[in-house]
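**Student:** Below are the structure tokens for one structure; questions will follow.
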Amino acid sequence: MTVESTAARKTTRRSSGTKRTASASASTKKATAAQSAEPELVQLLTPEGERVQHPEYDIDLSSEELRGLYRDMVLSRRFDAEATALQRQGELGLWASLLGQEAAQIGSGRALRDDDYVFPTYREHAVAWCRGVDPTNLLGMFRGVNNGGWDPNTNNFHLYTIVLGSQTLHATGYAMGITKDGADSAVIAYFGDGASSQGDVNESFVFSAVYNAPVVFFCQNNQWAISEPIEKQTRVPLYQRAAGFGFPGVRVDGNDVLACLAVTRSALERARRGEGPTLIEAYTYRMAAHTTSDDPTRYRRDAEREEWEAKDPIARLKAYMEREGHADAAFFEELETESEALGKHVREVVRAMPVPEHMAIFDNVYADGHALVDEERAQFAAYQASFEGGEAE
């Protein structure tokens, strides 16, 4: 091999590498341009409360139904605010607020039939409300006095899932079972923009598509995965990921309860017809902290929050209802009274919750007991006895 030929090869390689770099750079520019050009989202109610039409999704609701959606959102927000206050007062160990996401949860929750099954994360308090779960049971879990406190099969609402994304696999498996049973019910799995990066979520997309499972993946894109903004999580809008797995995706205004209801209802009906999964990206905003242990002022601007305050889901529905005569002053006054009563009830129930016996943590770990658990029980009992009075506070 001559020196010239070796040098020529190196030049060729450098030239080829330069072309690849230029190509990659061009691809990056195209991807960035595609990302900056935000795609349209399904919207039926503008932030100003103006009713608009959509060619594929529409809904016709009575005044009573509109008042029901408004009531759901107001009471869910009041419950959430009460829970946050209770945590600040030391009554709860932690709380994950839903503030700002009421429309996404109430709209999708009210689209469900009784025989549909819900797999939530840990923030779907308004969906739990729609399914008839006693809200104080949610608080019992965050207070540490129960492991959920409700029977999932009573309301078809699974226990909260703290592990990010794992519930999407549970939902997919359950949906596959529904198909084998020949039932016409559907499943919905909730998760956030941060969880969309988890392997479990993508695996559930693969299985649901291949097995044509009747499941709706409802992603609440609230713009922040704790402190990580959405632009650092994905190069394309989240709903477009569905196309790579072979099923449709749609982005909806997550602060528009009418649009969330219409889009979710359509996706559930599609699933029941045997047409497979759908990914819904509810484009919304987490107005509060990720949880009460988080300080969002350290990573996001006040101006951003103020921009989203103008898109408040409750305010826009109220504006529409008042303008079109769907509700009068008496309705709003009665709802305020009901809201105060709910807050009082929640405070009283939480503070009256019994403290579980400390040793109960070892019960029911194994059906027939286990030597290691027995050893740990004895160690913990000795630790408790070492405190004055015989038990740690």
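**Student:** For the range 207-228: of the residues being free of Cβ contacts under 8 Å to residues at least 40 places away in the same chain and surrounded by fewer than 16 Cβ atoms within 10 Å (Cβ to Cβ), which is farthest from Ala175 (Cα to Cα)?
**Tutor:** Within the range 207-228, the match that is farthest from Ala175 (Cα to Cα) is Glu228.
**Student:** For the range 126-181, enumerate the residues that are aromatic (Phe, Trp, Tyr) and either open to solvent by 50 Å² or more (accessible area, probe 1.4 Å) or over 27 Å from Gln198 (Cα atoms) (or both). Talk me through it step by step, then tell me what you get.
**Tutor:** Here is the first cut: in the range 126-181, the ones aromatic (Phe, Trp, Tyr) are 129, 142, 150, 157, 160, 174.
Correct list: Trp129, Trp150, Tyr174.
**Student:** List the pairs whose first member sits in the range 138-167 and is free of Cβ contacts under 8 Å to residues at least 60 places away in the same chain, whose second member is open to solvent by 20 Å² or more (accessible area, probe 1.4 Å) and of a type in the set (Asp, Glu), and whose Cβ atoms are under 8 Å apart, counting only residues at least 6 apart or on separate chains?
**Tutor:** That search, which allows pairs on different chains as well, returns Gly149/Asp134; Trp150/Asp134; Asn156/Asp114; Asn156/Asp115; Leu164/Asp200; Gly165/Asp200; Ser166/Asp200.
**Student:** So, of the residues in the range 113-125 that are closer than 20 Å to Gly68 by Cβ and under 11 Å from the mean Cα position of the chain (by Cα), which turns out to be surrounded by the fewest Cβ atoms within 10 Å (Cβ to Cβ)?
**Tutor:** His125
**Student:** Please list, ordered by first then second residue, the pairs with beta carbon atoms under 7 Å, 6 or more apart or interchain, first in the range 105-125 and over 25 Å from Ile162 (Cβ atoms), second modelled with pLDDT of 95 or more and small (Gly, Ala, Ser).
**Tutor:** Once the first residue is over 25 Å from Ile162 (Cβ atoms) and sits in the range 105-125, its partners that are modelled with pLDDT of 95 or more and small (Gly, Ala, Ser) give Arg113/Ser185; Asp115/Ser185.
**Student:** Right, here's the next one. Just to be sure I understand, how many residues within the range 263-275 are part of a helix (DSSP H, G or I) and open to solvent by 10 Å² or more (accessible area, probe 1.4 Å)?
**Tutor:** The total comes to 5.
**Student:** Can you find a residue that is outside any loop (DSSP other than H, G, I, E, B), hydroxyl-bearing (Ser, Thr, Tyr), surrounded by fewer than 22 Cβ atoms within 10 Å (Cβ to Cβ) and modelled with pLDDT under 95 anywhere in the range 186-201?
**Tutor:** So far as the range 186-201 goes, yes, one or more of its residues are outside any loop (DSSP other than H, G, I, E, B), hydroxyl-bearing (Ser, Thr, Tyr), surrounded by fewer than 22 Cβ atoms within 10 Å (Cβ to Cβ) and modelled with pLDDT under 95.
**Student:** Let me ask something additional. Only residues that are part of a loop (DSSP other than H, G, I, E, B) and in contact with a strand residue (DSSP E or B) (Cβ under 8 Å, 6 or more places away or on another chain): list them for the range 143-175, please.
**Tutor:** Trp150, Asn156, His158, Thr161, Leu164, Gly165, listed by residue number.
**Student:** State all residues of the range 213-259 that are closer than 12 Å to Thr284 by Cα and part of a loop (DSSP other than H, G, I, E, B); if no residue qualifies, say none.
**Tutor:** Of everything in the range 213-259, those that are closer than 12 Å to Thr284 by Cα and part of a loop (DSSP other than H, G, I, E, B) turn out to be Asn222, Gln223, Gly254, Asn255, Asp256.
**Student:** Tell me which residues, restricted to the range 60-112, are outside any helix (DSSP H, G or I) and over 18 Å from the mean Cα position of the chain (by Cα).
**Tutor:** Residues satisfying the conditions are Asp60, Leu61, Ser62, Gln89, Gly90, Glu91, Leu92, Gly93.
**Student:** Next question. Taking interchain pairs and intrachain pairs at least six residues apart, which have beta carbon atoms under 8 angstrom, with the first residue in the range 302-323 and charged (D, E, K, R) and the second part of a helix (DSSP H, G or I) and open to solvent by 30 Å² or more (accessible area, probe 1.4 Å)?
**Tutor:** Lys318/Phe332
**Student:** I'm checking my understanding of the structure. Among residues of the range 243-259 that are among the hydrophobic types (A, V, I, L, M, F, W, C) and touching a Lys or Arg at 6+ places or on another chain (Cβ under 9 Å), which one is surrounded by the fewest Cβ atoms within 10 Å (Cβ to Cβ)? Write out each step before concluding.
**Tutor:** Going through the range 243-259, the residues among the hydrophobic types (A, V, I, L, M, F, W, C) turn out to be 243, 245, 247, 250, 252, 257-259.
With touching a Lys or Arg at 6+ places or on another chain (Cβ under 9 Å) added as a condition, the list becomes 257-258.
Details: Val257: 29, Leu258: 26.
Among them, the one singled out is Leu258.
The values are calculated or read from the model by the stated rules, or taken from the named source; none is laboratory data. Note that the coordinates shown come from a computational prediction; the quantities given were computed from them, not determined experimentally. Counting neighbours? That spans all protein chains shown, and the Cβs are built from the backbone with ideal geometry, glycine included. When the accessible area is computed, the model is the full protein with side chains, heavy atoms only, and any ligands, DNA or RNA have been set aside. Shrake-Rupley method; radii C 1.70, N 1.55, O 1.52, S 1.80 Å.
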